[in-house]
Structure formats: C-alpha cells, structure tokens
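The values are calculated or read from the model by the stated rules, or taken from the named source; none is laboratory data. This structure is a prediction, so every number in the text was calculated from the model and none was measured. Methodologically, a virtual Cβ is constructed for each residue, glycine included, from the backbone with ideal geometry; neighbour enumeration extends over all protein chains shown.
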Amino acid sequence: MSTEELPADVCAFIFAYIPSVGHMEALVLTVEEPDGAWTVEKVASRLFVPDTKAGAVLRDLATAGLIEPADAPDTWRFGQQATLAEMAQRAVRLYRKTLVPMTAVIRSNAGPGGQLAGAFRFRKE
C-alpha cells in the first residue's frame, strides 16, 4: 500500500494528532494494552527514549485527548471513552499493517510543512 492509498480520514487524524513516530509508538502501546498503567519511565523504556521525551509525548497525547490519567498517580492509559478512540484504534491497526506508508505520512507531518496539519484537526462544532 502506498501513502496515496491510505484512508484520508486516517491521514487527517495523523496530521492533526500525531506529530512524530514516537507519538504513534506511544499511542500503539496504550491502545494495545488499554488497561495498562503507563508511566513516563515505562514508556521511555519501551520507546528507547529519555524520560523527558517520553513525558512530553504523553503530555501531548493527553492534551489531544487520546490518553487519560490512570488510577495510580503519574500514570496514563488509553482514553477508551474519548471521542477519538475509534479513530485512534483504526490508525494503530493500519500502522501495524502498513508501517512504511504510515511512517511516511507521520514524517511528512514534521518540519516546516507540518504546521499545515492544524488545518485538518477534528473539532467539535
């Protein structure tokens, strides 16, 4: 599958909410283990990044409404009740099946042209 064949709504979701492959990988972790309690340290370890980077990614995903605080302090879980939960799950499934094209879409979102992505953000009117 090429990037042109990816569903437009999934690409729009990526442009609006997933600024890096690290963000997508963190989302994958939370979607695939929705009842898990994800700490900054646990995410950092799984993504092979510093705690500061993992913390920033988790904050970004929480701000986007894709993850939510878990029961334990300083832990996060997938926002299964979130408005975007179904789209996030769909994007993760597609990411797992079409890693190269999905990664290309995510990477096209970074850098100078990535600022346009905000125009595709889903908003409740």
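Tabulated results
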read-out: Hey, A26 closer than 18 Å to N109 by Cβ, part of a helix (DSSP H, G or I) and modelled with pLDDT under 95 or not; value: no
read-out: Residue list for segment 64-99, filter: of a type in the set (A, V, I, L, M) and without any contact (Cβ under 8 Å) to a residue 60 or more places away in the chain; value: A64, L66, I67, A70, A72, A82, A85, L99
read-out: Members of segment 70-84 that are under 14 Å from D35 (Cβ atoms) and either in a helix (DSSP H, G or I) or not basic (K, R) (or both); value: A70, D71, A72, T75, W76, F78, G79, Q80, Q81
read-out: Those residues of segment 36-70 which are closer than 20 Å to A91 by Cβ and among the acidic types (D, E), in sequence order; value: D60, E68
read-out: Hits in segment 37-69 (condition: in a loop (DSSP other than H, G, I, E, B) and closer than 16 Å to E25 by Cβ); value: F48, V49, P50, A64, L66
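Yes or no, residue by residue, for (1) touching a helix residue (DSSP H, G or I) at 6+ places or on another chain (Cβ under 7 Å); (2) among the aromatic types (F, W, Y):
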| position | (1), (2) |
| --- | --- |
| K42 | no, no |
| D51 | yes, no |
| W76 | yes, yes |
| R96 | no, no |
| P101 | yes, no |
| V105 | yes, no |
| A110 | no, no |
